[in-house]
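Visitor: Submitted below is the structure of interest, expressed as structure tokens.
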Amino acid sequence: MKKRVLTMLCALVASAMSVWADGVTFSPLQYEQLPSMQTPRRGHACFVTPAGDIVVVGGHTTDFELTTSAERLHDGAWESISINNPHDGGACVALPDGRFLICGGFGYGWGMGQSTVCDIYDPATNSFSSTGDMNTARAFCAGVATGVDNNVLVSGNWYNYDTTFELWNGSTWSSFGNKQVELNNPFMVSAGGGIVYVFGNKNNYANTLPVAVWKVDTNNKTAEEVSETGLEDYDLIHGDFFAVQTTSGEFFLLGNKEDFTHLLCFNPATAQATDLGLLPNAVPSSTNKVNYSPGIVVNESRQEAYVIGGFQNIDGTFTLVVINYNMQTKTMSAYYGEQLPCSYNYGAYTLEPATGNIIFTGGSYTEDGQANFNIVSNCISVKPYAEDTPQGSDILVYEYNETDKTATVVERQVWAQLDEYHGTMVNSYYGDIVIPEKVNGYTVTAIADFAFWKDYELGISSVVIPKTVKNIGSFAFYNCNLLRELTIPATVEYIGQQIIAGSGVQEVTIEDSDMPLTGYVISPLLDSPQLTKIYVGRDINLTNPETTYEYGPFTWSGTITDLTYGPQVTRLHNNECWSAGALQRVTFLTDKVTVLPEHAFSSCSNLVNIQLPAKLERIEDCGIFGSQVLKSVTLPATLRYLGQQGLDNPALETIYIQATTPPTTKEGCAYFDSDVLANCKLYVPNGTQEAYQTARIWNEFQHIIGMDYTGISTVGASAKVNKLHTLDGRRVENPAKGLYIMNGKKVVIK
């Protein structure tokens with residue numbers, strides 16, 4: 001689908017009611033229109049599953065009728081999900097175990113009555129199931145996970161007197177407390193450990209009350225009112241689907257004061273609120289006042305809070321406004337789009353973690369004074385931050401070499417600003433960094449030691465290294481704790497020690513090349529406390545002038561679980577992954593590696609799957625040794641030598657060996673545990689059983705079985721494979737057991 005970019009009008013229209021707030025920048029809103037829902041909805045729940053699917057539940061549809069339906073946006077299309085209850089104006093709570101609890105809502109059409117019913121959605125089965133009913137029938141209620149097991153606290157109501165809290169323990173409900181006043185849509189947030197804060201200033205008829213704050217201890221089922229919080233001068237904004245979330249232990253709120261909207265935060269440690277700033281109440285293209293309701297979502301990874309607002313245009317379309325509050329710089333940016341084909345008005349929305357976009361679903365528009373009857377089914381994905389990626393000299397500091405006209409990145413530019421709320425200096429830049437190939441006429445060829453390191457580093461989300469870079473210095477990305485992925489281009493010739501130490505990098509790709517990469521090794525080549533996946537696309541040369549001990553590139557790694565060698569790799573090192581205790585899967589996509597060196601995968605106790613090179617000839621001593629969970633291994637037809645304890649793994653149950661001549665072994669050496677020799681099945685090519693029964697070491701196996709391999713190789717089900725297709729040519733990402741085509745060859749997934 002194509003993205004639309006709404007252009008901003010050049011003229012700034014001002015009036016007596018228009019305030020743009022000091023320091024706020026305005027930019028066009030970028031959005032993508034997604035497929036419309038099957039059913040128009042208002043008052044429904046909306047959430048994103050761990051797999052990235054969007055789910056909408058209940059609400060009411062055209063003519064104010066309840067809709068007992070749910071649907072999921074999966075693989076680009078909406079599909080129906082069976083559910084028994086409408087949950088129009090109910091509470092939706094994400095549970096710690098990945099499920100979602102939806103409770104209450106109106107009992108009848110036209111916003112009449114309330115209900116006690118509760119349902120649970122399980123993303124694993126894509127289905128709803130009923131759970132215990134609440135003690136009190138509720139609509140326009142709110143709920144929150146308490147931080148203890150799957151417990152949920154619910155409160156609030158509409159046109160039904162109620163002053164209690166209700167606690168769900170995973171199956172049943174219990175009521176406690178007395179708020180002295182009934183509340184409509186209270187704002188509820190969890191401080192963790194069973195402590196919940198409840199904010200409100202609307203009664204169950206939506207009449208304004210003085211702001212009240214309760215601290216609820218769900219462990220002991222007690223509630224105490226908190227006074228003198230600093231919220232007394234504000235009217236907390238009432239929104240039927242107000243979403244208050246936390247960051248750094250503080251709660252975001254919205255409050256009106258003297259007809260203007262303020263962004264507030266509440267610190268549970270001090271029970272005090274702070275005014276973070278005035279929100280603009282108009283956008284440059286219009287004099288219409290922005291209505292900031294339903295609320296706020298927080299993107300923890302980007303350290304940004306998004307305040308949702310907008311207004312309806314005369315033609316029935318909407319101007320959507322999203323205020324981006326940067327938690328690092330304490331600054332606001334406004335993104336707005338006119339005439340959107342959706343409504344934020346009583347629609348539902350959710351943050352999509354994979355993209356950082358906000359998904360808006362449904363809502364209504366007002367016509368002839370009625371909004372409840374004019375419901376929409378539209379769905380859009382909104383990007384609440386800048387599309388363009390900053391580059392070059394605006395972000396980075398360079399050192400220039402006049403002789404060869406090259407440049408080295410030596411430091412990341414920092415505009416330090418005072419965090420008035422904490423009394424500390426903070427970095428004013430957050431986001432993605434693309435290192436340019438050239439700057440001021442100089443080719444960027446190197447990244448210096450500690451180039452991206454800062455004491456208070458919080459904000460770098462990604463770094464793109466250009467293909468002109470040849471050297472990356474030691475600790476270059478040290479302490480970049482929001483950095484998740486790093487790609488080392490094929491042009492890089494050398495990397496220093498621990499380039500991602502202390503960072504948040506989880507996955508590294510070393511691009512394919514026939515030129516070796518030289519790396520300084522004193523611990524694992526790529527040492528990060530979060531690193532789990534590595535793709536190695538070329539040979540690695542190791543250097544460490546301070547020691548003569550032979551390290552492998554991933555020796556002693558305690559975090560790497562998945563390791564893939566690309567088609568250009570020709571060799572490995574002794575001790576390649578020795579004592580890599582977390583390593584689970586190894587995949588060779590190369591047929592150029594012919595030797596598995598000594599201790600290459602020795603003492604990898606959790607190695608569960610290894611797909612060996614297709615033309616492997618030798619496995620040296622302890623080549624694959626000491627896994628406690630490896631149950632099966634396939635040895636290629638080219639294997640001609642097995643070193644001492646080269647396959648000594650006590651959990652082995654099957655060995656598939658395709659060589660028609662038994663690989664030779666050393667005399668007088670131990671090879672396999674007695675239990676393996678007694679119980680492991682050794683599958684050999686048909687017609688070669690007698691040869692294996694008379695060959696040293698192999699003849700010790702008690703179960704030697706002939707098998708017709710017919711040129712088919714075997715790939716473990718959990719191995720990472722490239723270009724896996726069914727026999728009729730369809731691409732498969734998560735293959736089941738069976739016969740497939742990989743890189744032009746038949747393979748069997750077992």
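Visitor: Excluding Thr163 itself, calculate the net charge of residues whose Cβ lies under 9 Å from the Cβ of Thr163, where each Lys or Arg counts +1 and each Asp or Glu counts -1.
Guide: -1
Visitor: Can you work out the FRET efficiency for the pair Asp708 and Val629, with r the C-beta to C-beta distance and R0 = 35 Å, to the nearest 0.05?
Guide: 0.75
Visitor: By its C-alpha gyration tensor, with a ≥ b ≥ c as the square roots of the eigenvalues, how is region 498-576 shaped: rounded for a/c under 1.5, else prolate for a/b larger than b/c, else oblate?
Guide: Oblate, because a/c is 1.5 or more while a/b does not exceed b/c.
Visitor: May I pose another question? Quick check on region 593-709: what are the equivalent-ellipsoid semi-axes from the Cα gyration tensor, as sqrt(5λ), descending, whole Å?
Guide: Here the semi-axes work out to 19, 16, 14 Å.
Visitor: Turning to a different aspect of this structure: How much length would be gained if the chain were fully extended between Thr403 and Asp122, taking 0.36 nm per residue of separation minus their Cα-Cα distance, in nm to one decimal?
Guide: That works out to 94.8 nm of additional length.
Visitor: Would you tally the net charge around Ala490, using a Cβ to Cβ cut-off of less than 13 Å, leaving Ala490 out, and scoring K and R as +1, D and E as -1?
Guide: Net charge around Ala490: -2.
Visitor: Let me ask another. Report the FRET efficiency, 1/(1 + (r/R0)^6), for Ala206 and Ser82, where r is their Cβ-Cβ distance and R0 is 45 Å, rounded to 0.05.
Guide: Taking R0 as 45 Å, the efficiency between Ala206 and Ser82 is 0.85.
Visitor: What is the spin-label model distance, in nm, from Asn219 to Asn471 if the labels are put 7 Å beyond Cα along the C-beta direction?
Guide: My value for the distance between the label points is 5.6 nm.
Visitor: Under the 0.36 nm per residue contour assumption, what length would be gained going from the current alpha-carbon distance of Arg640 and Asp133 to full extension?
Guide: Length gained between Arg640 and Asp133: 175.7 nm.
Visitor: Could you work out the local net charge near Val321, counting Lys and Arg as +1, Asp and Glu as -1, over the other residues with Cβ closer than 15 Å to its Cβ?
Guide: Summing Lys and Arg as +1 and Asp and Glu as -1 gives +1.
Visitor: Subtract the Cα-Cα distance of Ser674 and Thr543 from 0.36 nm times their separation in residues, and report this length gain in nm to one decimal.
Guide: Contour length minus the Cα-Cα distance gives 43.1 nm.
Visitor: Then there is this: If packing is taken as the mean number of other Cβ atoms within 10 Å per residue, what is the order of 588-597, 77-86, highest first?
Guide: 588-597, 77-86
Visitor: Measure off 7 Å from each Cα along the Cα-to-Cβ vector at Thr660 and Asp512, then give the distance between these two points in nanometres to one decimal.
Guide: 3.2
Visitor: Hey, rough spin-label estimate for Thr331 and Thr270, points 7 angstrom out along Cα→Cβ, what's it come to in nanometres?
Guide: So the label points at Thr331 and Thr270 sit 2.5 nm apart.
Visitor: Mind checking which aspartates and glutamates have their C-alpha under 15 Å from Lys221, skipping anything on the same chain fewer than 8 residues away?
Guide: Glu166
Visitor: Let me ask something else. How do the peptides 117-127, 638-648 rank, highest first, by the average count of neighbouring beta carbon atoms within 10 Å per residue?
Guide: Top to bottom by mean Cβ count within 10 Å: 638-648, 117-127.
Visitor: For the ranges 264-272, 133-141, 87-95, what's the packing order if you count other beta-carbon atoms within 10 Å of each residue, average per peptide, and put the highest first?
Guide: 87-95, 133-141, 264-272
Visitor: Based on the alpha-carbon gyration tensor of region 541-598 and its eigenvalue square roots a ≥ b ≥ c, which shape applies: rounded if a/c is under 1.5, prolate if not and a/b is larger than b/c, or oblate?
Guide: Cα axes put region 541-598 in the oblate bin.
Visitor: I need the per residue convex hull volume for region 164-322, using only the alpha carbons, in cubic angstrom as a whole number.
Guide: Spelled out: Cα convex hull of region 164-322, divided by residues, is 152 Å³.
Visitor: If R0 is 45 Å, what FRET efficiency do you get for Glu667 and Ala51 from their C-beta distance, rounded to 0.05?
Guide: Computed FRET efficiency for Glu667 and Ala51: 0.25.
Visitor: For each pair in Lys470/Lys533; Lys405/Lys454; Lys202/Lys383; Lys592/Lys681; Lys405/Lys470; Lys215/Lys383, compute the distance between the two Cα atoms and list the pairs where it is over 25 Å.
Guide: Lys405/Lys454; Lys202/Lys383; Lys592/Lys681; Lys215/Lys383
Every number in this text was worked out from the coordinates using simple rules, so none of it is lab data. This is a predicted model, so every value here is computed, not measured. Note: ideal-geometry Cβ built from the backbone for every residue, glycine included; neighbour counts use all protein chains shown.
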